[in-house]
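Notes follow once the structure below has been shown.
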Amino acid sequence: MCGIMGYIGTNGNATAVILDGLNKLEYRGYDSAGICTLQDDGLCIQKKKGRLADLTEAIGELPVSSIGIGHTRWATHGVPSDTNAHPHCDCSGRIAVVHNGIIENYAALRKDLILEGHDFVSETDTEVVVHLLERYYNGSLETAVRRMLADLQGSFALAIVCQDEPDKLVAVKKDSPLIIGLGEGENYVASDIPAILGRTNQVYIMEDNELAVVTADEVKITDLEGRPINKEVFTVTWDPVAAEKGGYEHFMLKEIHEQPEAVRRTLSGRIKDGWIDLSDLELEDLFQGINKIYIVACGTAFHAGMVGRLAIEKLARIPVETDIASEFRYRDIIWKPDQLMIVISQSGETADTLAALRYAKRNGVKVLAVTNVVGSSVAREADKVIYTHAGPEIAVASTKAYTTQLVIMYLLALYLAQERGTVPPDELKKLGRELAHMNQVLETVLEQEEKIKALAARHSSVQDTFFLGRGFDYAVAMEGALKLKEISYIHAEAYASGELKHGPLALICEGVPVLTVITQDYLVDKSMSNIKEVKARGAVVIAICKENLQEDCQECDEQVLIPNVDPLLAPVAAVVPLQIFAYYMAVLRGADVDKPRNLAKSVTVE
């Protein structure tokens with residue numbers, strides 16, 4: 001997501017160093033930028049919506065300073081604007097903060113701080129941090145930071161400067177990445193290594209709940225109670241291009257590995273002891289009296305909608321219809337006042353999805369949007385919006401945006417079941433708790449990468465593949481086939497397993513790979529009957545199955561196992577091996593993984 005850059009030293013101009021570092025973080029995506037430097041007369045803060053070039057133009061002649069912090073913001077709380085851009089400053093104008101992450105309890109903190117007399121100027125969650133620091137500051141920035149942290153819930157990487165202590169930066173990390181770059185007579189704080197490459201290759205990698213006090217000549221790292229921590233220096237050997245990708249060969253692989261963190265961010269603050277908490281979104285009126293839901297999307301987002309349909313119908317007992325936006329917009333829908341539309345779009349600018357949204361609005365039907373981009377057209381025009389927190393996706397083929405869309409679908413299904421009383425409370429809490437730990441499940445699935453890479457190596461020369469699944473697994477199979485055809489250019493078809501006899505079986509021949517998803521315990525016997533049909537015709541069958549179904553899937557030629565999760569939630573885990581398989585198939589065939597031919601990241605034309 002956002003980018004942080006901080007500098008303190010005697011060798012350079014903080015403004016120039018920070019802007020250069022932020023420029024190297026542009027690949028992360030952002031919609032506004034800002035910088036704070038300490039001058040003789042106090043803090044100098046300049047912020048601008050748009051690109052770094054806009055900020056640089058606004059700054060004009062670069063002011064000289066030995067200390068400062070900067071930020072590129074990907075909007076989460078509040079639209080992209082000059083005011084919402086970081087850094088944020090306290091009422092007195094003495095303390096400035098930049099922040100990556102989400103402050104989950106910001107609304108309650110903001111209310112209390114306003115009652116204390118603090119003036120808020122932005123819509124962001126971050127601003128509560130700097131007002132808490134103002135509350136606690138009594139001559140020691142380090143002490144104020146420690147006291148402030150006790151009030152925060154959520155994830156954060158923070159860099160902080162204070163006019164009264166111009167010889168130090170304070171940085172702290174919890175769940176969001178942060179590194180300290182080590183120089184001679186100067187040191188750096190950054191959210192990622194590319195920001196400081198070319199200046200130093202010696203870094204400290206900050207761990208959760210570590211606090212750093214950084215001066216020009218020293219870096220002191222402690223835990224949150226103040227106990228010293230001896231850190232090992234990490235020597236960076238990446239070249240600058242590799243560094244942008246975090247050492248991964250392609251952005252797609254990096255984004256596949258970012259999925260546990262993206263899912264954790266999207267769920268952050270939404271599940272409390274198994275219960276779904278969407279109270280801040282004020283969805284009650286939106287769902288009041290709703291007896292039918294349309295889920296409309298394109299491509300990968302449509303596959304997330306298919307999972308959403310099954311989950312909502314199963315848990316909340318509301319009829320749901322899914323459709324591809326480019327088809328839906330031309331249907332003659334029988335609109336009724338008890339209907340709701342949910343649109344899903346990674347970019348929030350998908351032309352066909354916007355057209356479907358507007359179609360519903362013209363007919364008096366309310367719309368809920370699920371998107372990754374604050375301030376996008378979909379977000380602005382819908383009645384309500386739920387943001388995923390996947391962060392920017394650089395690769396054209398969507399991975400982490402898809403899994404975060406899935407978990408939003410589950411949150412909605414569980415929320416509706418909770419509100420309507422359609423599932424026993426104990427069952428709901430069990431599902432909620434399991435969903436809350438889905439990031440850990442994904443970490444386990446990623447451990448299968450080398451095995452999946454070897455599978456891809458054995459099949460990389462094929463020209464045709466087939467994907468099979470039943471129920472929730474069919475939606476996963478469709479997404480797996482899409483990933484493979486998008487980036488490897490291999491012909492890939494996904495079918496509901498029971499449809500084999502109705503035509504597709506004619507295409508099965510000796511040696512053709514068939515990837516089957518088997519995670520639905522009650523359908524495993526039916527699925528294996530279909531597998532026997534393709535094996536009898538010479539297909540090579542690769543099963544993505546749960547550990548507890550391993551015995552049932554023994555007739556498959558290869559197995560990639562995922563942890564034993566509830567069948568309802570299995571699509572989040574089951575799709576990851578298919579993403580990895582598609583990635584390595586493309587790499588082995590020499591395809592341009594991040595920029596596949598003929599495709600665009602945001603489809604803004606019909």
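The values are calculated or read from the model by the stated rules, or taken from the named source; none is laboratory data. Values in this document were obtained by computation on a predicted structure and should not be read as measured data. Neighbour counts are summed over all protein chains in view; Cβ atoms, including those assigned to glycine, are modelled from backbone coordinates with ideal geometry. For accessibility, only protein heavy atoms count, side chains too; no ligands or nucleic acids. Shrake-Rupley method; radii C 1.70, N 1.55, O 1.52, S 1.80 Å.
With the charge dipole of the chain set up from +1 on Lys and Arg Cβ and -1 on Asp and Glu Cβ about the Cα centre, the Cα lying farthest toward the positive end among the listed residues Y330, S527, I95 is that of Y330. The convex hull drawn around the Cα atoms of the chain, when projected onto a plane and averaged over every direction, covers 28.0 nm². Per residue, the chain exposes 38 Å² of solvent-accessible protein surface, assessed with a 1.4 angstrom probe and all protein chains in place.
Its alpha carbons give the range 17-114 an Rg and a Dmax of 13.8, 41 Å. Summing charges over neighbours of F472, with a neighbour being any other residue whose Cβ is under 15 Å away from its Cβ, gives -1 when K and R count +1 and D and E count -1. What you get for the chain, charging only the Cβ of Lys and Arg (+1) and of Asp and Glu (-1), is a dipole of about 1460 debye around the Cα centre. What does DSSP give for the chain in terms of the percent of beta bridges that are antiparallel, rounded to the nearest 5? Roughly 60 percent of the beta bridges in the chain run antiparallel, per DSSP.
Of L455, L523, the order by accessible heavy-atom surface (1.4 Å probe, DNA, RNA and ligands excluded), from most exposed downward, is L523, L455.
In this Cβ point-charge picture (+1 for Lys and Arg, -1 for Asp and Glu), the range 364-457 has a dipole of about 220 debye about its Cα centre.
Computed over the chain, the per-residue total of -39500 (n - 2.57) for DSSP H runs of n ≥ 4 gives a 222 nm mean residue ellipticity of -10500 deg cm²/dmol, rounded to 500.
Taking the Cα centre of the range 5-151 as origin, sum charge times position over the Cβ atoms of Lys and Arg (+1) and Asp and Glu (-1), and report the length of that vector in debye to the nearest 20. Intermediate results must be reported in sequence, preceding the final value.
Working: 13 positive and 20 negative charges, 58 e Å.
The dipole of the range 5-151 has a size of about 280 debye.
With all protein chains present, how much of the accessible area of the range 139-182 (probe radius 1.4 Å) comes from carbon and sulfur, to the nearest whole percent? Accessible surface attributable to carbon and sulfur in the range 139-182 totals 45 percent. Distance from the Cα centre of the range 461-483 to that of the range 80-128, in angstrom? Each part's Cα centre sits 46 Å from the other's.
Overall, the ratio between the Cα radius of gyration of the range 495-606 and 2.2 N^0.38 Å, rounded to two decimals, is 1.22.
For the peptides 424-434, 20-30, 395-405, 278-288, the ranking by packing is 395-405, 20-30, 424-434, 278-288, with the highest mean count of neighbouring Cβ atoms within 10 Å listed first. Ordering L113, A58, P567 by the projection of their Cα atoms onto the charge dipole of the chain, which places +1 on the Cβ of Lys and Arg and -1 on the Cβ of Asp and Glu, puts P567 at the extreme positive end.
For the chain, the longest principal axis of the C-alpha atoms and the axis of helix 472-488 are separated by about 70°.
The order of H491, H77, H131 by accessible area, most exposed first and with a 1.4 Å probe, is H491, H77, H131. Using the Cβ of E186 as centre and a radius below 14 Å, the other residues enclosed give a net charge of -3, where K and R count +1 and D and E count -1.
Highest first, please rank the peptides 500-512, 409-421 by the mean number of other Cβ atoms sitting within 10 Å of their residues.
Peptide ranking by packing, descending: 409-421, 500-512.
Of the solvent-accessible surface of the range 425-581, computed with a 1.4 Å probe over protein heavy atoms with every protein chain present, carbon and sulfur atoms account for 47 percent. Sorting W275, W335 by solvent-accessible area of protein heavy atoms yields W275, W335, largest first, with a 1.4 Å probe. In this structure, the amide hydrogen of G154, modeled 1.01 Å from its nitrogen in the peptide plane, lies closer than 5 angstrom to those of E104, counting only residues at least 5 positions away or on a different chain.
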